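One structure is given below, encoded as structure tokens.
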Amino acid sequence: MARLPGDPRRDHATRMVPGAAYSEVAPTPVAAPSLVGWSYRLAEELGVARPDREALEVLAGNRVLPGMRPYAARYGGHQFGTWAGQLGDGRALTLGEAVTPGRGRFEYQLKGAGPTPYSRRADGRAVLRSSLREFLCSEAMHFLGVPTTRALSLVTTGEPVVRDILYDGHPAPEPGAVVCRVAPSFLRFGHFEIASAHREHALLRDLALLLIEDHSPELDRGDPDVFGKLLDEIARRTAVLMAHWMRVGFVHGVMNTDNMSALGLTIDYGPYGWLEPFDPDWTPNTTDAQGRRYRFGHQPAVAQWNLARLCEAMFPLIGDEARLHESLSVYRDAFEEAHTAMLAQKLGLAAFDEGLVDPLFGLLHASRADMTLFFRALCEWRPGEPLLDHVAPSFYAPVDAEVAEVWHAWERMYAACIARDGLPEAGRRAAMKRVNPKYVLRNYLAQMAIEAATDGDTSVLERLYRVLERPYDDQPGEEDLAAKRPAWAEDKPGCSALSCSS
Ligand code: AMP
Ligand code: MG
């Protein structure tokens with residue numbers, strides 16, 4: 001980022017920062033850092049040792065090491081369909097970038113480390129509740145094989161942070177926390193949007209060139225269509241990401257363009273959730289309960305809408321509207337290809353079959369089937385066995401005779417598809433288990449880890465990390481973490497749906 005123009009000011013005051021990609025700003029120290037979560041797997045990959053007291057100070061934002069140049073990035077975004085102007089890292093700070101031999105360059109970012117010029121009216125802090133959710137879920141997504149930013153540490157600050165969880169006029173103090181997150185880059189669609197909106201075309205071009213140089217080095221900078229090809233690449237990455245979210249039943253909850261990664265990573269874990277009773281219209285985000293803009297089934301279309309905003313932002317570099325439309329069709333084609341391939345794999349079939357999949361989704365909805373448990377049960381089903389008996393334990397309500405009849409008809413179709421493929425049965429089912437996870441971070445599980453950690457007990461968090469590290473394995477003794485959402489969790493805040501308060 002140091003290659004790009006920065007903000008000449010170094011203070012924390014909230015301000016507009018025209019023409020700059022970032023503002024250098026130091027983290028604000030906290031009272032009493034304590035390590036609550038440590039991703040030993042990411043640490044191994046990065047060659048980083050478990051922090052001692054001194055390193056903990058760095059992870060809490062209390063110390064900046066020589067060579068670090070902390071900055072907050074400037075970006076804008078469309079929030080819930082409306083241009084919101086300058087947003088930027090209001091509570092995240094990049095400490096710097098470091099090269100891990102053999103793995104490349106990573107950006108290390110503290111989230112919740114205090115105010116920045118982009119904090120607007122907010123405090124620059126994060127609560128333990130939302131930080132634990134980001135820490136655990138981003139790691140779980142990685143182990144699921146979904147492109148994502150990672151998390152290295154979760155540190156409580158010893159300082160309270162006041163939030164109104166239900167947005168009902170009852171603000172209350174909660175424990176504060178800082179997550180150290182890691183990614184090859186945290187560049188977002190919004191970085192390009194803000195430069196374009198303010199007609200800062202040199203900055204726009206520099207951002208695009210930086211993305212090419214660092215993350216698409218195969219693109220030829222001398223090619224007159226290089227920026228079009230960059231858009232195609234972003235479109236493809238985004239398409240693959242959407243196909244993965246649909247594969248594992250993940251709902252991001254706040255797909256604003258400032259929360260869209262230019263690398264196609266899952267970024268900014270907020271009020272996300274996992275489909276429990278299958279419902280394409282479901283969103284975990286209570287703030288979006290009315291319009292349901294970011295509901296499960298709408299995510300691929302929203303990603304395309306967001307890409308269209310990115311295309312508009314890139315217009316000054318490309319100057320040809322038809323070329324932008326081409327990138328949007330790259331997205332549609334890439335999504336279709338990845339999505340149908342993944343659905344075929346989920347069903348253990350050689351090829352996607354629309355006639356089989358469409359009625360299945362209707363049945364899952366009508367049966368209130370738990371998305372994760374249904375597909376996992378299907379991995380254990382052998383043609384010839386009664387399918388409905390096999391999968392019914394994943395339903396949240398019993399099915400009536402009419403729906404049962406449709407299940408029987410679907411079973412005959414499915415069995416015919418399997419027979420037509422003629423794949424060896426054991427191998428077919430083992431391959432299904434590699435794409436249909438058994439363990440996902442259900443919101444109620446995260447909530448149990450949060451409640452324990454708030455009382456100083458990190459054992460639930462640690463157990464979840466260990467189990468979510470191997471989401472496709474049957475793990476004897478951990479069956480309770482692969483259970484349907486219990487009735488008590490249905491309406492409890494944080495356990496199914498939750499607000500944006502974080
Ligand atoms: P989000 O939708 O949570 O990713 O956040 C939208 C914008 O609000 C981003 O620019 C964030 O940096 C900013 N933001 C959210 N929470 C805070 C906070 N507590 N303090 C400062 N900025 C925040
Ligand atoms: Mg965000």
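The values are calculated or read from the model by the stated rules, or taken from the named source; none is laboratory data. Keep in mind that what you see is a predicted model, and the values were worked out from it rather than measured. A quick note on method: Cβ atoms are made from the backbone with ideal geometry, for glycine too, and the neighbour counts reach across all protein chains shown. All accessible areas refer to the heavy atoms of the entire protein, side chains included, with ligands and DNA or RNA removed. Shrake-Rupley method; radii C 1.70, N 1.55, O 1.52, S 1.80 Å.
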Pairs, please: C-beta under 6 Å, at least 6 apart or cross-chain, first residue within 17 Å of Met141 (Cα to Cα) and in the stretch 179-196, second open to solvent by 10 Å² or more (accessible area, probe 1.4 Å) and assigned to a helix (DSSP H, G or I)? Cys180/Leu59
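Here is a yes/no grid of residues against (1) more than 16 Å from ligand 1 (Cβ to nearest atom); (2) in the same structural domain as Ala341 (by TED's automatic domain parsing); (3) open to solvent by less than 10 Å² (accessible area, probe 1.4 Å):
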site: Asp220; (1), (2), (3): yes, yes, no
site: Asp232; (1), (2), (3): yes, yes, no
site: Ala239; (1), (2), (3): yes, yes, yes
site: Met255; (1), (2), (3): no, yes, yes
site: Ala262; (1), (2), (3): no, yes, yes
site: Thr286; (1), (2), (3): no, yes, no
site: Tyr294; (1), (2), (3): no, yes, yes
If we keep just the residues of the stretch 368-387 that are outside any helix (DSSP H, G or I) and small (Gly, Ala, Ser), which is modelled with the lowest pLDDT? Gly384
Quick check: anything in the stretch 70-79 over 28 Å from the mean Cα position of the chain (by Cα) and not assigned by TED's automatic domain parsing to the domain that holds Ser196? no
When you check Arg91 against the structure, is it surrounded by 19 or more Cβ atoms within 10 Å (Cβ to Cβ), closer than 30 Å to Leu464 by Cα, among the charged types (D, E, K, R) and not assigned by TED's automatic domain parsing to the domain that holds Val254, yes or no? yes
Taking the stretch 124-149 and keeping residues open to solvent by 10 Å² or more (accessible area, probe 1.4 Å), touching a Ser or Thr at 6+ places or on another chain (Cβ under 6 Å) and not β-branched (Val, Ile, Thr) leaves Ser130, His142
Can you confirm whether Ala202 is outside the structural domain of Glu134 (by TED's automatic domain parsing), open to solvent by 30 Å² or more (accessible area, probe 1.4 Å), among the small types (Gly, Ala, Ser) and more than 16 Å from ligand 1 (Cβ to nearest atom)? yes
So which residues in the stretch 340-361 are in a loop (DSSP other than H, G, I, E, B) and either touching a Phe, Trp or Tyr at 6+ places or on another chain (Cβ under 9 Å) or open to solvent by 20 Å² or more (accessible area, probe 1.4 Å) (or both)? Leu347, Leu349, Ala350, Ala351, Phe352, Asp353
